[in-house]
Amino acid sequence: MRLAIGKSRSFWRWLAPCAVIVLAILGLLSPRTTSAHVTLDRSNPTPNSVLAQSPGEIRLWFSEPIEQRESTIRLFYRTGAELPEIQTRAGDTPESLVAPLPKPLATGTYSVVWSALSVADGHPLLGYFTFTVGAGADVAPVTVPIALALIIVVLVIKPAGLFGRAIVQRV
């Protein structure tokens, strides 16, 4: 009987390290998951920049392809009033958007409010940044545009409410 117990212990001493090695190899070979949430990669003009002259357009690049028809760029004066003539169009790549400026911007600080919808998972992302046309002395505090609050309601709260109703109706 003592002999059987001794063989059993050596079997387990051998099996445990082999199991750890096999699990480690399987872990290394398994597919990796990545975050499917789109993020703003870069922009022109860059956030918080001071430009000597007005840009001809606002261009945004994202970390992954976006639904370009559902994504927007909006431009606001520092007072929070929107420049209504800005039109968003698809950029040169599936990851970019552009908003040509129909006329040069006057000296002052502007807010860019953008929203992007991920092609990969349909998750919306929104944000804003400012830039100034003129000199460092022309930099001024901005009023956060009311549009940013409205975008939050439309993109975040409204879908959550619809999802909640769908769950309640299914129960």
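Selection over the stretch 55-70 of residues that are open to solvent by 30 Å² or more (accessible area, probe 1.4 Å) and either over 20 Å from the mean Cα position of the chain (by Cα) or acidic (Asp, Glu) (or both) gives a count of 4. Counting just the residues of the stretch 16-49 that are open to solvent by less than 70 Å² (accessible area, probe 1.4 Å) and closer than 30 Å to Ala137 by Cβ, which one comes out modelled with the lowest pLDDT? Looking at the filtered set, the residue picked out is Leu40. Could you list all residues from the stretch 75-94 that are of a type in the set (Lys, Arg) and more than 15 Å from Phe131 (Cα to Cα)? Listed by number, the list holds a single entry, Arg89.
Here Arg89 meets the list (1) of a type outside the set (A, V, I, L, M, F, W, C); (2) under 25 Å from His37 (Cα atoms); (3) surrounded by 14 or more Cβ atoms within 10 Å (Cβ to Cβ) almost entirely, failing just condition (3). The numbered conditions (1) open to solvent by 50 Å² or more (accessible area, probe 1.4 Å); (2) out of contact with any Phe, Trp or Tyr (no Cβ under 9 Å at 6 or more places or on another chain); (3) under 16 Å from Val144 (Cβ atoms) are all true for Gly80 except (1). Is it the case that Leu60 is in contact with a strand residue (DSSP E or B) (Cβ under 7 Å, 6 or more places away or on another chain), more than 22 Å from Pro141 (Cβ to Cβ) and in a strand (DSSP E or B)? It is true that Leu60 is in contact with a strand residue (DSSP E or B) (Cβ under 7 Å, 6 or more places away or on another chain), more than 22 Å from Pro141 (Cβ to Cβ) and in a strand (DSSP E or B). Taken together, Glu57, Glu67 contain a single residue that is within 14 Å of Ser115 (Cβ to Cβ) and modelled with pLDDT of 80 or more, which is Glu67. For the stretch 34-58, a tally of residues being touching an Asp or Glu at 6+ places or on another chain (Cβ under 9 Å) and not hydrophobic (A, V, I, L, M, F, W, C) returns 4.
Can you work out which of the residues in the stretch 63-82 that are without any contact (Cβ under 8 Å) to a residue 40 or more places away in the chain and in a strand (DSSP E or B) is nearest to Asp41 (Cα to Cα)? The residue in question is Leu75. The residues in the stretch 95-143 that are open to solvent by 70 Å² or more (accessible area, probe 1.4 Å) and either among the hydrophobic types (A, V, I, L, M, F, W, C) or at pLDDT 90 or above (or both) can be counted, and the count is 8.
The values are calculated or read from the model by the stated rules, or taken from the named source; none is laboratory data. The model shown is predicted, which means the values in this text are computed figures rather than measured ones. Ideal geometry is used to build each Cβ from the backbone, glycine not excepted, and the neighbour counts take in all protein chains shown. These accessible areas exclude ligands, DNA and RNA; they are computed on the full protein's heavy atoms, side chains included. Shrake-Rupley method; radii C 1.70, N 1.55, O 1.52, S 1.80 Å.
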